[in-house]
């Protein structure tokens, strides 16, 4: 099985890797680039733990092949905090509201929530719940997640 | 598995026509990658269509119709206000497929070619009278969307044929469409029954109608008797009763974990009534909120 050389951009950095064409983008991020923040919960696009942005669009990286990333731009959870380690308001609010327990779903939910707030800075509770319907959390019961996103949205609107 | 990323549909078709093993075309990948992972389909040749120029474009044609490239995502449909305004039923049907993440990738052409009888994107296209440009070894042809599903997981496309684009006709005056499905929850589920209605009015009277039912037969159904039940009426109570009766008579569902045949038959009538009212209201010009069009809402 011949591997394919893929050149792409991850969190603003040019990177390249060799991918078996059957490998998903999630496999490539985790196993070839060492970016293990994106998680594999289901591998079938149901749970959202592998959420990343592909050319700005929120996708499940388990449903994208690594070879499809050629020439694209990818954003992962690793790019969310500032390079100096300052947390994004969403990350800070998740901690303040205890919006996580085991933390496995958290990177995907943060990436998805950031995409939401960029499109809609003032979402209703119902809009947040529908937007995040593809991000499953088995610990929190979702309520704290929703409150953390609302609080972060308010802070981001205030800062703007 | 060999990965191909041709730059024309003709080249994509040649790869498929010349392959001896299992081939799959890759658009959004939200079905193909799941099958790949499950091991239910392991292609020898995977042909990615997304490098073909125009495959991700939505174009308003000179006659007012729309051309939707094979790799246009559900999210992109919902982000096109003119399309949402002309064909809200088509957009809201596709918008019900999967999560926000799936919407970023999943396509109408893929929803059609996956061949699920419960595909939410398909009844709206059938009701709209949409067509597809199909590219194959013999050249290009136009097929009615209604003629493409052939059974669960099967289409009428020939070996080597690939859908390049889907075409919606011009909306025209006093037209409206709508789609709704029944699921036992509010999100992230597969239709127990789906129904799309597309109609045109002259004043208050329906002069044209197309009604499509999903998930109640091996393929989507275009039900002529439903159209006959409401054409010439103002969608009064008697017309709605006749419509519901025709929908129930046409439904030939199976019983499975999502619903019994009896329940699906009943719901087909309920949905036909409800969706016809939404389409009628839209045709009258007031944009009633039917089922949430996820992409459009964002």
### Message
Can you list residue pairs whose Cβ atoms sit under 7 Å apart, with the first residue in segment B:33-46 being more than 7 Å from every other protein chain (Cβ to nearest Cβ) and the second being surrounded by 12 or more Cβ atoms within 10 Å (Cβ to Cβ) and part of a helix (DSSP H, G or I)? Count only pairs 6 or more apart in sequence or on different chains.
### Response
B:41/B:35; B:42/B:36; B:45/B:15
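For residue A:133, are the conditions met, namely being within 14 Å of another protein chain (Cβ to nearest Cβ), touching a helix residue (DSSP H, G or I) at 6+ places or on another chain (Cβ under 8 Å) and either within 22 Å of residue B:30 (Cα to Cα) or in a helix (DSSP H, G or I) (or both)? Talk me through it step by step, then tell me what you get.
Numbers: within 14 Å of another protein chain (Cβ to nearest Cβ): yes; touching a helix residue (DSSP H, G or I) at 6+ places or on another chain (Cβ under 8 Å): yes; either within 22 Å of residue B:30 (Cα to Cα) or in a helix (DSSP H, G or I) (or both): yes.
The answer is yes for residue A:133.
Here is a yes/no grid of residues against (1) in contact (Cβ under 8 Å) with a residue 40 or more places away in the chain; (2) assigned by TED's automatic domain parsing to the domain that holds residue B:60:
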residue: B:126; (1), (2): yes, yes
residue: B:134; (1), (2): no, yes
residue: B:141; (1), (2): no, yes
residue: B:158; (1), (2): no, yes
residue: B:180; (1), (2): yes, no
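Restricting to helices (runs of 4 or more DSSP H) lying wholly in segment B:221-298: which have 3 or more residues that are out of contact with any strand residue (DSSP E or B) (no Cβ under 6 Å at 6 or more places or on another chain) and at pLDDT 95 or above? Step through it out loud before you land on a result.
Values: elements: B:224-230, B:237-250, B:261-283, B:294-297.
Those helices (runs of 4 or more DSSP H) span B:224-230, B:237-250, B:261-283.
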### Within segment B:54-79, considering residues that are away from chain A (no Cβ under 14 Å) and outside any loop (DSSP other than H, G, I, E, B), the one surrounded by the fewest Cβ atoms within 10 Å (Cβ to Cβ)
B:59
### Task
Taking residue A:48 as meeting all but one of (1) at negative phi; (2) within 11 Å of chain B (Cβ to nearest Cβ); (3) touching a strand residue (DSSP E or B) at 6+ places or on another chain (Cβ under 9 Å); (4) at pLDDT 95 or above, write down the number of the exception.
(1)
### Query
Residues in segment B:103-114: is at least one crowded, with 24+ Cβ neighbours inside 10 Å, within 14 Å of chain A (Cβ to nearest Cβ) and more than 15 Å from the chain's Cα centre (by Cα)?
yes
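The values are calculated or read from the model by the stated rules, or taken from the named source; none is laboratory data. Note that the structure is predicted; figures quoted are calculated from it, not measured. Heads up, the Cβs are rebuilt from the backbone with ideal geometry, glycines too, and the neighbour counts pull from every protein chain shown.
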